[in-house]
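Before any comments, here is the structure.
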Amino acid sequence: MKRAYRTGNSDMRVFLKHWRSGSEMAREIAKIGAAALLYPAIVILAAPLVRRQADALCKLCRAAGKTAALLGHRYDEYATIHGN
């Protein structure tokens, strides 16, 4: 889920750097909104199907990462080095 969050965050940062039109931005925001509305229900309904539930959770985390990037948050998963 951390990877999905990081991917969404970095994808959105790249998008924000290169977007060209309002329609592109509207499409991205619509995709984030659709994920926020659709995937919580899938997580609940797919409880017996662990793989489907995990996929839905990853989609939610990716949408959360995109939202964070839209709000100016930069997530660097590998910024902290654990152990030596």
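The values are calculated or read from the model by the stated rules, or taken from the named source; none is laboratory data. Source: prediction; values computed, not measured. Cβ atoms come from the backbone with ideal geometry, glycine included; neighbour counts cover every protein chain shown.
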What pairs come up if the first residue lies in segment 22-44 and is closer than 17 Å to LEU71 by Cα, the second is of a type in the set (Ser, Thr, Tyr) and modelled with pLDDT of 95 or more, and their beta carbons are under 9 Å apart, counting only those six or more places apart or on different chains? ILE32/THR67; ALA36/THR67
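With the condition kept exactly as written, say whether any residue in segment 72-84 is within 11 Å of the chain's Cα centre (by Cα) and touching a residue at least 24 places away in the same chain (Cβ under 8 Å).
To start, the set of residues in segment 72-84 that are within 11 Å of the chain's Cα centre (by Cα) comprises none.
No, segment 72-84 contains no residue that is within 11 Å of the chain's Cα centre (by Cα) and touching a residue at least 24 places away in the same chain (Cβ under 8 Å).
Going through segment 54-84 one residue at a time, which ones are under 23 Å from ALA34 (Cβ atoms) and either outside any helix (DSSP H, G or I) or in contact with a Leu (Cβ under 9 Å, 6 or more places away or on another chain) (or both)? Spell out how you get there, then give the answer.
Just the residues of segment 54-84 that are under 23 Å from ALA34 (Cβ atoms), to begin with: 54-73, 75.
ALA56, LYS59, ALA69, LEU70, LEU71, GLY72, HIS73, TYR75 - these are the residues of segment 54-84 that are under 23 Å from ALA34 (Cβ atoms) and either outside any helix (DSSP H, G or I) or in contact with a Leu (Cβ under 9 Å, 6 or more places away or on another chain) (or both).
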LEU16 touching a residue at least 24 places away in the same chain (Cβ under 8 Å), assigned to a helix (DSSP H, G or I), over 14 Å from the mean Cα position of the chain (by Cα) and surrounded by 13 or more Cβ atoms within 10 Å (Cβ to Cβ): yes
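Matching residues to (1) under 22 Å from TRP19 (Cα atoms); (2) crowded, with 17+ Cβ neighbours inside 10 Å; (3) of a type in the set (Lys, Arg):
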position	(1), (2), (3)
LEU45	no, no, no
PRO48	no, no, no
ARG51	no, no, yes
LEU57	no, yes, no
LEU60	no, yes, no
Some residue of segment 20-35 being surrounded by fewer than 17 Cβ atoms within 10 Å (Cβ to Cβ) and polar (S, T, N, Q): yes
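Condition test on PRO48, is it in a loop (DSSP other than H, G, I, E, B) and either modelled with pLDDT under 95 or on the phi > 0 side of the Ramachandran plot (or both)? Lay out the reasoning, then the answer.
Values: in a loop (DSSP other than H, G, I, E, B): yes; either modelled with pLDDT under 95 or on the phi > 0 side of the Ramachandran plot (or both): yes.
Answer is yes for this residue.
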